[in-house]
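Structure record follows, encoded as structure tokens.
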Amino acid sequence: MATRLHENLQGQVALVSGANRGIGAAIATGLAARGATVYAATRRLAAIRETDGILPIELDVTDDPSISAAIRRIERERNRLDILVNNAAVYDDAHGDLVVESAGELDRVLAVNLRGPILLTKAALPLLLRKRGSRVVNVSSGSGSLSDGVDRDAPAYGISKAGLNALTSYLHGAYSGKGLIANSVCPGWVRTDMGGPRAPRSVKKGAETPIWLAMFAPGSPSGHFWRDRKIIPW
Ligand SMILES: NC(=O)c1ccc[n+]([C@@H]2O[C@H](COP(=O)([O-])OP(=O)(O)OC[C@H]3O[C@@H](n4cnc5c(N)ncnc54)[C@H](OP(=O)(O)O)[C@@H]3O)[C@@H](O)[C@H]2O)c1
């Protein structure tokens, strides 16, 4: 299926989780630069400055009332949502295999990286499905790759990202007939708080393919895992 992009995002509304730093901040800025009104979500409103096209919105993806309140605000203020970027995530604190992983750490990582995106997407779907061609971009990771093998030293993180890819597949299967375009993307290894200073990629580079996927016009590919604008195996 051929890829077609919107020329710009004028008039469109996006929600980006974890937009106060790292790749999420770069995705939010990139979407705003292309004309979208971007709800830049953060756990602490003071962490994001309101500018042209960027509206800070409070959202903790592990807090169900916070999810409902964020979606209600977008509906009240804009009555539309064209793009949802599930970007917020945490990495396993304990580096080690499953034997050393604590149940608490497992719960924490799965709550942010998997349960959060599932429930945020569930809450956003009625708005997203109001018209054909809305996009869900799930910021995943090669750490969750089933074909390469899930990250051995970060089991909760890797398994959460495999689960996030399953969410993408589910969304494609259940809603592509209604026009939803859902894709996963690995940004590569990026210099952020999570990626660390040794990572080879800039935040701008890491945000490139997520932004490109958010620009997909109706009829573009859905239900895939991408890196550097190419489909990669799950
Ligand atoms: N960096 C890499 O090398 C790399 C590689 C592959 C995939 N990724 C993926 O890329 C995405 C962005 O990663 P990053 O490197 O930019 O990470 P980061 O710099 O650590 O930023 C993570 C973001 O997630 C937010 N967040 C954490 N818990 C949250 C919660 N409960 N509710 C809402 N927001 C929450 C953080 O907000 P606070 O400031 O409030 O904590 C922050 O904005 C993630 O999905 C990550 O898994 C990154």
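Starting from region 120-147, take each residue that is farther than 23 Å from W212 by Cβ and list its partners that are more than 11 Å from the ligand (Cβ to nearest atom) and among the hydroxyl-bearing types (S, T, Y), counting only C-beta distances under 7 angstrom and pairs at least six apart or across chains.
As it stands, the answer is A123/S68, since those pairs meet every condition given.
I'm told A88 meets every condition in (1) in a helix (DSSP H, G or I); (2) within 16 Å of the ligand (Cβ to nearest atom); (3) in contact with a strand residue (DSSP E or B) (Cβ under 9 Å, 6 or more places away or on another chain) except one. Can you identify the failing condition by its number?
For A88, the failing item is (1).
For region 1-84, which fully contained strands (runs of 3 or more DSSP E) count at least 2 residues that are among the small types (G, A, S), within 11 Å of the ligand (Cβ to nearest atom) and at negative phi?
In region 1-84, 37-42 are the strands (runs of 3 or more DSSP E) which contain 2 or more residues that are among the small types (G, A, S), within 11 Å of the ligand (Cβ to nearest atom) and at negative phi.
Based on this model, can you work out whether L171 counts as in a helix (DSSP H, G or I), closer than 22 Å to L128 by Cα and within 13 Å of the chain's Cα centre (by Cα)?
It is false that L171 is in a helix (DSSP H, G or I), closer than 22 Å to L128 by Cα and within 13 Å of the chain's Cα centre (by Cα).
Can you tell me which residue within region 209-234, out of those that are without any contact (Cβ under 8 Å) to a residue 40 or more places away in the chain and out of contact with any His (no Cβ under 7 Å at 6 or more places or on another chain), is farthest from T3 (Cα to Cα)?
Out of the qualifying residues, it is T209.
In region 171-182, is there at least one residue being within 13 Å of the ligand (Cβ to nearest atom), touching a Pro at 6+ places or on another chain (Cβ under 8 Å), under 23 Å from G30 (Cβ atoms) and at pLDDT 95 or above? Quick ask: steps written out before the conclusion?
Residues of region 171-182 within 13 Å of the ligand (Cβ to nearest atom): none.
No, region 171-182 contains no residue that is within 13 Å of the ligand (Cβ to nearest atom), touching a Pro at 6+ places or on another chain (Cβ under 8 Å), under 23 Å from G30 (Cβ atoms) and at pLDDT 95 or above.
Just the residues that are closer than 18 Å to A14 by Cα, touching an Asp or Glu at 6+ places or on another chain (Cβ under 8 Å) and surrounded by fewer than 18 Cβ atoms within 10 Å (Cβ to Cβ), please, taken from region 94-130. Explain how you work it out, then say what you get.
So in region 94-130, the residues closer than 18 Å to A14 by Cα come out as 116-130.
Filter once more, so that each one left must be touching an Asp or Glu at 6+ places or on another chain (Cβ under 8 Å): 119, 127-128.
Selection gives L119 alone.
In region 131-158, how many are closer than 19 Å to G223 by Cβ and surrounded by fewer than 22 Cβ atoms within 10 Å (Cβ to Cβ)? Walk me through it before giving the result.
Step one: list which residues in region 131-158 are closer than 19 Å to G223 by Cβ, which gives 132-142, 144-147.
Narrowing further to those that are surrounded by fewer than 22 Cβ atoms within 10 Å (Cβ to Cβ): 132-133, 142, 145-147.
Looking only at that region, the number is 6.
Name the one entry in L128, L55, L31 that is in contact with a Phe, Trp or Tyr (Cβ under 6 Å, 6 or more places away or on another chain), modelled with pLDDT of 95 or more and not polar (S, T, N, Q).
Exactly one of L128, L55, L31 is in contact with a Phe, Trp or Tyr (Cβ under 6 Å, 6 or more places away or on another chain), modelled with pLDDT of 95 or more and not polar (S, T, N, Q), namely L55.
So how many residues does region 120-151 have that are closer than 27 Å to G188 by Cβ and either aliphatic (A, V, I, L, M) or assigned to a strand (DSSP E or B) (or both)?
10
Here is a yes/no grid of residues against (1) crowded, with 20+ Cβ neighbours inside 10 Å; (2) more than 23 Å from E101 (Cβ to Cβ); (3) not hydroxyl-bearing (S, T, Y):
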| site | (1), (2), (3) |
| --- | --- |
| S160 | yes, no, no |
| Y170 | no, yes, no |
| A174 | no, yes, yes |
| L180 | yes, yes, yes |
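The values are calculated or read from the model by the stated rules, or taken from the named source; none is laboratory data. Because the structure is a prediction, the values reported are computed rather than measured. Methodologically, a virtual Cβ is constructed for each residue, glycine included, from the backbone with ideal geometry; neighbour enumeration extends over all protein chains shown.
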